[in-house]
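First up is the structure itself, then whatever we jot down about it.
The values are calculated or read from the model by the stated rules, or taken from the named source; none is laboratory data. Computed from a predicted model, the values in this text were never measured in an experiment. Quick reminder, even Gly has a Cβ in these numbers, built from the backbone with ideal geometry, and neighbours come from all protein chains shown. Calculation scope for accessible area: heavy atoms of the full protein, side chains included, ligands and nucleic acids excluded. Shrake-Rupley method; radii C 1.70, N 1.55, O 1.52, S 1.80 Å.
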Amino acid sequence: MRDALLKIQEEALLKIQETEILEGLEGFRIQYLGKKGELTKLLKEMGKLSAEERPFIGKLANEVKEGIEEAISNRKKILKNFQYQRLIEEEKLDVTVNKPMAKQGHSHPLYQVMEELENLFISMGFSIVEGPEIETVENNFDKLNAPKNHPTRDLSDTFYIDKNLLLRTHTSPVQIRTMMQQKPPIRIISAGRTFRFDDVDDTHSPMFHQMEGLVVDENVTMANLMHTLDSFIKEFFGKEMKTRYRPHYFPFTEPSCEVDVSCFKCKGAGCPDCHDTGWSMELLGCGMVHPNVLENCGIDSKKYSGFAFGMGVDRIAMVKYGIPNIRFLFDNDARFLKQF
Ligand code: PHE
């Protein structure tokens, strides 16, 4: 019986040692240690042994059983580890592959200018507000004191969505939105897209950009307006730049002006670019906020006054960078854009 036990032990340990299949180990356990296993079967015959032999064989049988159990569990660990290593090997990612670098873009020249303008006005104490591109007729025209028969309301000038909604024709409705929400003192700027029914040419596009400014407080005068705009123009375009305020008409300001700035090319001396006038025309529209507009927004026009201005950002970007044609700004040609 001793020999039979040792034989089972030798055979079992060898098989367990050599197997490469993790799932097969359970089979060996059943084969040797299971209810009908070889070792179990052998042990059933212990009864035939003599009283002297029995403790000795019993002890040996236990050792064999424990030996087999231990071998199975060790082998299990090793095979599990193998399996794990194989998995790591198979799922390894090569992150060193040499791919061409993705091209990195940068902000559009128009938006660079917009940001520069915003920063300048922020430094003068203005804050930034935003307004939607789809506006109500009420904010875009009515509350801005535009007469019902004003030509800019015309279907041939404005993109209407329905009879009450349109693509804003200027950033001035942001004045209304701000004054409806916020009471004086108000000092804001707002830049964004604006839309007019224009054919595309070198200087016109049906979609363009404006920046609006609004200041409302007690005792705000035309002198404050001129000082603010003069400071802005000198800071942005250079100390040598002069301004000229020409009377104009806007429904929402009274008095109203258009502002010309020294020609960017000749700085005022006269050149073909400015038709020898020395001036760059119509850079800005501005004026003192019309009392009707203040009252339309629930602000007491006896107590408060204000000024507003609006400028074309595309135009400013074009003179700043010497861009000859507005189409360049919207064509999205990388050869053009990467120069900025
Ligand atoms: N909204 C005017 C325009 O588009 C510009 C403007 C703004 C004029 C504010 C006066 C005050 O032409």
**OP:** Evaluate segment 110-117: report whether one residue or more is surrounded by 20 or more Cβ atoms within 10 Å (Cβ to Cβ), among the hydrophobic types (A, V, I, L, M, F, W, C) and within 12 Å of the ligand (Cβ to nearest atom).
**Re:** no
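Let me confirm something: among Asn296, Asn292, which residue is touching a helix residue (DSSP H, G or I) at 6+ places or on another chain (Cβ under 8 Å) and within 16 Å of the ligand (Cβ to nearest atom)?
Details: Asn292 fails: touching a helix residue (DSSP H, G or I) at 6+ places or on another chain (Cβ under 8 Å).
Asn296 is the lone residue from the list that is touching a helix residue (DSSP H, G or I) at 6+ places or on another chain (Cβ under 8 Å) and within 16 Å of the ligand (Cβ to nearest atom).
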Original post:
Is there any pair with a first residue in segment 28-50 that is assigned to a helix (DSSP H, G or I) and a second that is open to solvent by less than 60 Å² (accessible area, probe 1.4 Å) and hydroxyl-bearing (Ser, Thr, Tyr) whose Cβ atoms are under 6 Å apart and which are 6 or more apart or on different chains, and what are they?
Top reply: Glu38/Tyr32; Leu39/Tyr32
Subject >> In segment 297-340, the residues that are open to solvent by 50 Å² or more (accessible area, probe 1.4 Å) and either aromatic (Phe, Trp, Tyr) or within 22 Å of Tyr249 (Cα to Cα) (or both) >> reply: Arg315, Tyr321, Phe328, Phe330, Phe340
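Across segment 262-289, which residue is farthest from Met222 (Cα to Cα) among those that are open to solvent by 60 Å² or more (accessible area, probe 1.4 Å) and within 16 Å of the ligand (Cβ to nearest atom)? Quick ask: steps written out before the conclusion?
Residues of segment 262-289 open to solvent by 60 Å² or more (accessible area, probe 1.4 Å): 265, 267, 269, 272-273, 275-277, 281-282.
Then drop every residue that is not within 16 Å of the ligand (Cβ to nearest atom), which leaves 281-282.
Values: Met281: 21, Glu282: 18 Å.
It comes out as Met281.
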**OP:** Say whether the condition of being at pLDDT below 95 and farther than 27 Å from Asn139 by Cβ is met by at least one residue in segment 251-261.
**Re:** yes
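If you check Phe195 against the conditions, is it away from the ligand (no atom under 13 Å from the Cβ), of a type outside the set (Gly, Ala, Ser) and surrounded by 14 or more Cβ atoms within 10 Å (Cβ to Cβ)?
Working: away from the ligand (no atom under 13 Å from the Cβ): no; of a type outside the set (Gly, Ala, Ser): yes; surrounded by 14 or more Cβ atoms within 10 Å (Cβ to Cβ): yes.
No, not satisfied.
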Original post:
Before we move on, is Val215 within 14 Å of the ligand (Cβ to nearest atom), in a helix (DSSP H, G or I) and not hydroxyl-bearing (Ser, Thr, Tyr)?
Top reply: no
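Going by what's in this entry, would Glu89 be described as modelled with pLDDT of 90 or more and either of a type in the set (Lys, Arg) or assigned to a helix (DSSP H, G or I) (or both)?
On the way: modelled with pLDDT of 90 or more: no; either of a type in the set (Lys, Arg) or assigned to a helix (DSSP H, G or I) (or both): yes.
Here the answer is no, as Glu89 does not meet what is asked.
From the list Lys65, Lys7, Lys76, Lys15, which one is open to solvent by 90 Å² or more (accessible area, probe 1.4 Å) and not hydroxyl-bearing (Ser, Thr, Tyr)? Working first, answer last.
On the way: Lys65 fails: open to solvent by 90 Å² or more (accessible area, probe 1.4 Å); Lys76 fails: open to solvent by 90 Å² or more (accessible area, probe 1.4 Å); Lys15 fails: open to solvent by 90 Å² or more (accessible area, probe 1.4 Å).
Just a single option satisfies the conditions, and that option is Lys7.
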**OP:** Name every residue in segment 27-58 that is acidic (Asp, Glu) and surrounded by 13 or more Cβ atoms within 10 Å (Cβ to Cβ), in order of residue number.
**Re:** Glu38, Glu53
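Consider Gly125 carefully, then state whether it is at pLDDT 90 or above, surrounded by 13 or more Cβ atoms within 10 Å (Cβ to Cβ) and part of a loop (DSSP other than H, G, I, E, B).
Working: at pLDDT 90 or above: yes; surrounded by 13 or more Cβ atoms within 10 Å (Cβ to Cβ): no; part of a loop (DSSP other than H, G, I, E, B): yes.
So Gly125 fails the test.
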**OP:** Give the number of residues within segment 170-192 that are open to solvent by 10 Å² or more (accessible area, probe 1.4 Å) and within 10 Å of the ligand (Cβ to nearest atom).
**Re:** 1
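Look at segment 32-49 and say how many of its residues are within 15 Å of Glu66 (Cα to Cα) and of a type outside the set (Asp, Glu).
Taking segment 32-49 as the starting set, the residues that turn out to be within 15 Å of Glu66 (Cα to Cα) are 32-34, 37-40, 43.
Pick out the ones that are also of a type outside the set (Asp, Glu) and you get 32-34, 37, 39-40, 43.
Of the residues in segment 32-49, 7 are within 15 Å of Glu66 (Cα to Cα) and of a type outside the set (Asp, Glu).
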**OP:** May I ask you to list pairs of residues, at least six apart or on different chains, whose Cβ atoms are under 8 Å apart, with the first in segment 202-223 being in contact (Cβ under 8 Å) with a residue 60 or more places away in the chain and the second being among the acidic types (Asp, Glu)?
**Re:** His204/Asp198; Ser205/Asp198; Ser205/Asp314; Phe208/Asp314; His209/Asp314; Met211/Glu118
Subject >> Complete set of residues in segment 239-261 that are without any contact (Cβ under 8 Å) to a residue 24 or more places away in the chain and more than 16 Å from the ligand (Cβ to nearest atom) >> reply: Lys239
